[in-house]
1. Out of Ala154, Ala150, report the one residue that is at pLDDT 85 or above, assigned to a helix (DSSP H, G or I) and under 22 Å from the mean Cα position of the chain (by Cα).
2. So which of Glu342, Glu338 ends up being in contact (Cβ under 8 Å) with a residue 40 or more places away in the chain, among the acidic types (Asp, Glu) and surrounded by fewer than 16 Cβ atoms within 10 Å (Cβ to Cβ)?
3. Cβ contacts < 8 Å: first residue more than 21 Å from Ala82 (Cβ to Cβ), restricted to the stretch 93-117; second residue assigned to a helix (DSSP H, G or I) and of a type in the set (Lys, Arg), any location; separation 6+ or different chain. Result?
4. Taking the residues in the stretch 251-294 that are among the polar types (S, T, N, Q) and closer than 23 Å to His170 by Cα as candidates, determine which candidate is surrounded by the fewest Cβ atoms within 10 Å (Cβ to Cβ).
5. Is at least one residue of the stretch 74-86 in contact with a Lys or Arg (Cβ under 9 Å, 6 or more places away or on another chain), surrounded by 14 or more Cβ atoms within 10 Å (Cβ to Cβ) and outside any helix (DSSP H, G or I)?
6. So which residues in the stretch 211-237 are β-branched (Val, Ile, Thr), out of contact with any Gly (no Cβ under 7 Å at 6 or more places or on another chain) and closer than 21 Å to Leu188 by Cα?
7. Select from the stretch 345-378 the residues that are free of Cβ contacts under 8 Å to residues at least 40 places away in the same chain, surrounded by 17 or more Cβ atoms within 10 Å (Cβ to Cβ) and of a type in the set (Gly, Ala, Ser) and list them in ascending order.
8. So which residues in the stretch 226-238 are more than 23 Å from Glu277 (Cβ to Cβ), surrounded by 11 or more Cβ atoms within 10 Å (Cβ to Cβ) and either under 30 Å from the mean Cα position of the chain (by Cα) or not hydroxyl-bearing (Ser, Thr, Tyr) (or both), if there are any at all?
Amino acid sequence: MRNFLAADGSALDRGILVFFPSPQSFTGEDVLELQGHGGPVVMQMLLARCIELGARVAEPGEFSRRAFLNDKLDLVQAEAVADLIAAETAAAARSAVRSMSGDFSREVHSLVERLVDLRMRVEAALDFPEEEIDGMRDGEVAQRLGVLDADLGALLDRARAGSMLRSGLHLVLAGLPNVGKSSLLNRLAGEERAIVTEVPGTTRDVLRETIQVEGIPMHVIDTAGLRQTEDPVERIGVARAWREIERADVILQMIDARSGETAGDREIASSLPTGVERILVENKCDLAGTGGERNERDGLVSLRLSAVTGEGIGLLHDELLRVAGWRGHGEDVVLARERHLEALAIAKEKSALAIRRIGAIELCAEELRLAQEALSRITGEFSADDLLGEIFSRFCIGK
């Protein structure tokens, strides 16, 4: 235990100093850690004193960036640090820990090594056409390339599932007033989050709640009933509802099961953005005297349920998991970011092209090179400085 002293020699706090010599520290550099009592005022005083003595405040992600630059972590592992801190579910946290331990990186490196071996054989055949290159004549290279392509596809599927585990699905509840949007929000949240009355137009603003379905975060957004109104406050709520609808991953268009789809419901459906998954939710099946069920017609899924009794809610959960592309991957998902998905998709595309161009050896070699380059971007072996700056700027301060 040591006293932490102010400039005049008075004690600011009493705590522990821990020295981590290089290269054993997290960053690979000499690190001194001060452990005080942690109150915000005391911490600010200690921080100010350190700055007086020549230190500076760390930039966002600086420790992880230094660890990456000092070869203590690759880029995937560094990103996993931020993902672990930001994890919203236990499944996401476990996946981040696996990535931080290097599981994802090892899979990528294994694929890169296989690509390098295939490139070596293909380019040797290109450089020495008169020689008998092992594997080129008997089709072994084509066979191994087919297996590699399948493995890339499997990893991409797991990464897509992990991306959903990381970012979640944004669901917007939309429909006419008084069809039960707020009741469904409360049912999904498991508590009374929204005011529910028989008076149409009760919801005037956007309400948000995050739930978990099989470990997938679902960001549920309740909106004002969509209708023409002279009430200025309600008009603002309707405008905000349409803004949320434009940003949705999935739109749950709710209707009253007692009346079925009305002209007003069809008008709303025609105004919804194209290219966004829409599920028709027929609520109040208990009042309509029917049970929960799933139907599909012309590619549109409709679910009959009751937000009040909970009947049919399991069907909604299953449908949301289907839309999310979740197949119960469990512990083998990869907590991927958008850039990981893009790189894997490019590598998969290039490997498929290499298979098709195996007879044109120059083109096959180029596709294999591009596939390797795309994969190497994931771990940071080929990364521009501006990309690194963008990645680490999103970390919390210091980490």
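1. Exactly one residue qualifies, and that residue is Ala154.
2. On inspection, the qualifying residue turns out to be Glu338.
3. Arg114/Arg144
4. Thr274
5. No: the stretch 74-86 contains no residue that is in contact with a Lys or Arg (Cβ under 9 Å, 6 or more places away or on another chain), surrounded by 14 or more Cβ atoms within 10 Å (Cβ to Cβ) and outside any helix (DSSP H, G or I).
6. Ile211, Val213, Val220, Ile221, Thr223
7. Correct list: Ala374 only.
8. The answer is Arg227, Asp231, Val233, Glu234, Arg235, Ile236, Gly237.
The values are calculated or read from the model by the stated rules, or taken from the named source; none is laboratory data. No experiment lies behind these values; they were computed from the predicted model shown. Note that each Cβ is placed from the backbone with ideal geometry, even for glycine, and that neighbours are counted across all protein chains shown.
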